[in-house]
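Let me begin by presenting the structure, written as structure tokens, before commenting on it.
The values are calculated or read from the model by the stated rules, or taken from the named source; none is laboratory data. This one's a predicted model, so the numbers in the text were calculated from it and none came from an experiment. Reconstructed Cβ throughout: ideal geometry from the backbone, glycine too, with neighbour counts over all protein chains shown. Ligands, DNA and RNA are stripped out before the accessible areas are found, and what is left, the full protein with its side chains, is counted by its heavy atoms. Shrake-Rupley method; radii C 1.70, N 1.55, O 1.52, S 1.80 Å.
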Amino acid sequence: MTLPTPKAPPPALVAVTRSTLAELLDPAGAAELPRLAARLDAVADALILGADLVFEAGTALEAGTATGAGHAGHAGIDPTIAAITLAHHTRRVGLVVAAVPQRDHPYNIARRLSSLDHASGGRVGLFIGVEDHRATAGSPWTYADPVAAAADAVTAIRALWRSFPIDTIVADRESGLFAESHRIVAIDHRGAFDVDGPLQVPWSPQIWPPVLAWSAGAGGSALARVADVVVNPEDTRLVLHHVGSLSELRRLLSTAPELPSSPAAPVPLRARFGLAPADPPTGGRQAFPDPAHNPDEKQKPDEKQKPDEEPNPDEAQKKVSHVR
Amino acid sequence: MSAEPQRHVILNVNVLDVGITHDAWRHNNLDRLAFVDAGYFQRIGQIAERGTLDAFFLADGPGLREDPRFKPSRSLEPTLILAAVAAVTENLGLIGTASSTFNDPWELAYRFQSLDYVSGGRAAWNVVTTYSPDVAGNFGLPELPDRDARYRRASEFVDVVTALWRSANGGPPVEHRGEFFTVSGRLPVPVSAQGFPLLVQAGGSPAGRELAGREANAVFSAELSLRAGIDHYNQVKAVAARAGRDPAHVKILPGLITTIGSTEQEAYRRHEETQVSAPDGFPLTRLAGSLGVAPDELDPDAPLPRKVLDGPPDPKHFKASLGFRESVVRLAQDENLTVRDLLTQLAGGGGHRKIVGTPEQVADTIERWFRAGAADGFNLMPDRFPDGLEVFTDHVVPLLRQRGLFRHEYESRTLRGRLNIPISSSVAAVSAAS
């Protein structure tokens, strides 16, 4: 975990539940949205969307909100849908999207987060959760322990995020070559989830949006090991405002101190958390082998090479055969 | 239906990357990264709304299915593109494709209802089962489930999703135990301005038409000839009637590829640009792919081989679209075409009808299909964006308005309102799902 040096002011995070997002993006309140969005840009380094997916009920944070409990039962909306709408209305605030790979497959999470990072100019982060207590029980994708599955999902998602380098897209109008596709790699991830890749979205502005985990939540230590930023209720290097309703959000946005002004261009969220720009490896099995660019003569052009290790029967049993 | 004062053609735009033609990106002066730019999709949505089109449609599959060496392909996730388009439009419908094989019904129901809510009741889910075998490996499956299993799953998936949407709209909590899913509870998401999203079905296989007739509010079909279009139109409407539904509540919308010029010569010049720039063997490889054979099995100067005309030996495991295959084979047979003739007629369009001509000629085709009972409207597939759509909204839409076939302004803000589909009849099999 890396956080800014003590000299920099601590990042100010505003955590909102899915029900607050529903209130905030109610079409009936569209007239107020631009003003609230501008205040978010002014006072927060990042908004955490769908905090109820990652902060367990009954924690100090949840209990600390005056009306949080009263809103826990309200209908909410999907954090990724909320994030793209807010990406449109804001210019600089980070958008940390809570996601749980219980009913949402890691491939689909990786794709939506990468899409969001493109749409927001590199302002997106992933807050990894273990279980959505408001969803129907169980996972349709894996029998693995939910904490292990969430940690494995982070590994798979990061591998997907690096699989399609954006500079492969040359778009040479003269020759007709759109992408140097021989440089796109499969990931052949094997674990709680098996994911071949590549991702269909080329590198987003951050390539690797920061992954956050909650130290006090279920599986905190397992997720802390794979996260870039661990959010800890006692950590003074973060200022965390937990908001349980739109009226609380309005109050916070009108009273919170403004951040020092920043350049007009969006700051990558990684930088706000003191993380260096991502520099992922680019090697791997070619997804679209090209005889002219084949590092391995023996690999036939249309034959996918699988990792040569034997499948572990215990691993294999964890998979749900979701189409029987 | 007869009580409606005026019946309009339904027009959606299918925003296939930067255009359906393989070389659209070489001609349209867009940034090379337009296909991953939400702002690009927002601008297309604004053009569509200026033309009072019914909806913005996105095709999809969760994987990098086609080698992007020669063209961009589906990249950003559709529900997010649609939510971005919703932020800059007020009336345009938003139809997103999502696979019933590679999603979870709870998560999908939640996300689409969220899109429907933030957009003020403009969303629809286009159900596909995904026929591309390369996608399976992204989801831990050694291979794509066969067609029968995919459609059994799709049918149950749709039942669960619609029951969940109804649970969010004051219906009973879901208690579902089926072959594929065990789901219980109430979807904790707000009601939208149209209640919940519409259902669209894409895919022209026999199982697809059956699913569409029973459950869908609209069908995105692939038709090459008017006769086949009329046959399939009647088939789906008949399935709907047998399922106890009003056939008017399932709209038939074939794809229509357009290359438009102010004169016929100009349109053909634009079309030729695309033909000559095709990579070697590209059209033949595509045709072979959609017929499920190797390119060298097709002789350009001979009719389609017996093996193709006889149909796939095992439809369950056919690795391409049965609907595309059927419409291509039927065109070749009806008109007794050689492979070369067929390629000329398809004009790079795959299984969808393609028209190259003036705005009048495009309007004529739309009118003829509509009046003949082959279509309630079209899923438009402009050759290139944005100009291929602009020429349609600026020059074809006014003609359709003059002929009384299309609206002058939006009469309802919700997609359900415009398509005149009541909530109660949108899905027949609700009780079966819970």
Exercise. Run through the DSSP bridge list for chain B and note the antiparallel percent, rounded to the nearest 5.
Key: 15
Quiz item: Are any of the pairs B:Lys319/B:Lys354; B:Lys237/B:Lys316; B:Lys237/B:Lys307; B:Lys71/B:Lys354; B:Lys316/B:Lys354; B:Lys251/B:Lys354 more than 27 Å apart by Cα-Cα distance, and if so, which?
Solution: B:Lys237/B:Lys307; B:Lys316/B:Lys354
Quiz item: Taking only C-alpha pairs under 8 Å that are 6+ residues apart, what is the relative contact order of chain B in percent?
Solution: 23
Self-check item: Test item: Cα-centred dipole of the stretch B:183-257, Lys/Arg +1 and Asp/Glu -1 on Cβ, debye
Solution: 140
Quiz prompt | Carbon + sulfur, % of accessible area of the protein assembly as shown - ligands and nucleic acids excluded, 1.4 Å | solution = 52
Exercise. Let me know the charge dipole size of the stretch B:276-346 about its Cα centre in debye, to the nearest 20, where only the beta-carbon of Lys, Arg (+1) and Asp, Glu (-1) is charged.
Key: 300
Practice problem: Pick out, from A:Ile169, A:Ala150, A:Val243, the residue whose Cα sits farthest towards the positive end of the charge dipole of the stretch A:106-253, with +1 on the Cβ of Lys and Arg and -1 on the Cβ of Asp and Glu. | Solution: A:Val243
Quiz item: Rounded to a whole number, what is D in µm²/s for the stretch B:155-223 from Stokes-Einstein with the Kirkwood radius over alpha-carbon pairs (4 °C, 1.567 mPa s)?
Solution: 98
Quiz item: Stretched out fully, how many nm does the piece from B:Arg227 to B:Asp394 gain, at 0.36 nm a residue minus the Cα gap?
Solution: 57.1 nm
Quiz item: Buried accessible area for the A:B pair, summed, 1.4 Å probe, in Å² rounded to 100?
Solution: 5400
Quiz item: How far apart, in nm, are the 7 Å Cα→Cβ label points at A:Ala276 and B:Asp148?
Solution: 5.7
Self-check item: chain B - convex hull of the alpha-carbon atoms, volume per residue in Å³
Solution: 135
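Under the rule that an exposed site lies in a DSSP loop and has at most 15 other Cβ atoms within 10 Å, name the longest stretch of chain B with no GluC sites (Glu not before Pro) of that kind, not counting the sites themselves. If you can, show how the numbers build up before the last one.
Numbers: sites that count: B:Glu90, B:Glu143, B:Glu179, B:Glu335, B:Glu409, B:Glu411.
Excluding the exposed sites themselves, the longest stretch runs over B:180-334.
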Quiz item: Can you tell me the accessible area per residue over chain B, all protein chains present, probe 1.4 angstrom, in square angstrom?
Solution: 35
Quiz item: Which value in Å is the Kirkwood Rh of the stretch B:276-346 over different Cα pairs?
Solution: 12.3
Quiz prompt | Pairwise FRET efficiency - A:His74 versus A:Leu259, Cβ, R0 = 22 Å, nearest 0.05 | solution = 0.15
Self-check item: Beta bridges by DSSP in the protein assembly as shown, antiparallel share as percent, to the nearest 5
Solution: 15
Self-check item: Inter-label distance for A:Arg251 and A:Ala28, nm, one decimal - labels placed 7 Å from Cα along Cα-to-Cβ
Solution: 2.2
Exercise. Multiply the residue separation of B:Asp314 and B:Arg368 by 0.36 nm, subtract the distance between their alpha-carbon atoms, and state the gained length in nm to one decimal.
Key: 15.8 nm
Quiz item: What number, in percent, do you get for the relative contact order of the stretch B:276-346 if the mean sequence gap of Cα pairs under 8 Å and at least 6 apart is divided by its residue count?
Solution: 37
Practice problem: Could you go through the stretch A:112-124 in sequence order and give the Karplus-derived ³J(HN,Hα) for each residue, using 6.51 cos²θ - 1.76 cosθ + 1.60 with θ = phi - 60°, rounded to whole Hz, and x for Gly and Pro? | Solution: 5, 5, 5, 4, 5, 5, 4, 5, 9, x, x, 10, 9
Exercise. Note the direction-averaged projected area, equal to a quarter of the hull surface, for the Cα convex hull of the stretch B:66-220, in nm².
Key: 10.0
Practice problem: Any chance you could check the stretch B:116-135 for residues losing 40 Å² or more of accessible area when the partner protein chains are in, compared with the chain on its own (1.4 Å probe)? | Solution: B:Tyr117, B:Val118
Self-check item: Orientation-averaged projected area, Cα convex hull of the stretch B:33-73 (nm²)
Solution: 3.6
Quiz item: Put a dot 7 Å past each Cα toward the Cβ at B:Arg401 and A:Ala292; how far apart are the dots in nm?
Solution: 4.9
Practice problem: Give me the compactness ratio for the protein assembly as shown, meaning the Cα radius of gyration over 2.2 N^0.38 Å. | Solution: 0.93
Quiz prompt | List of the stretch B:75-99 residues, accessible area with partners at least 40 Å² below that of the chain alone (1.4 Å probe) | solution = B:Ser75, B:Leu76, B:Glu77, B:Leu80, B:Ala87
Quiz item: Between Rg and the Kirkwood Rh of the stretch B:195-328, both from Cα atoms, what is the Rg to Rh ratio?
Solution: 1.05
Exercise. Please give the calculated 222 nm ellipticity per residue for chain B, where each DSSP H segment of at least 4 residues contributes -39500 (n - 2.57) and the sum is spread over every residue; nearest 500 deg cm²/dmol?
Key: -11500 deg cm²/dmol
Quiz item: For the stretch A:137-243, what size does the Cα cloud have along each of its three principal axes, sorted from largest down, in whole Å?
Solution: 58, 36, 23
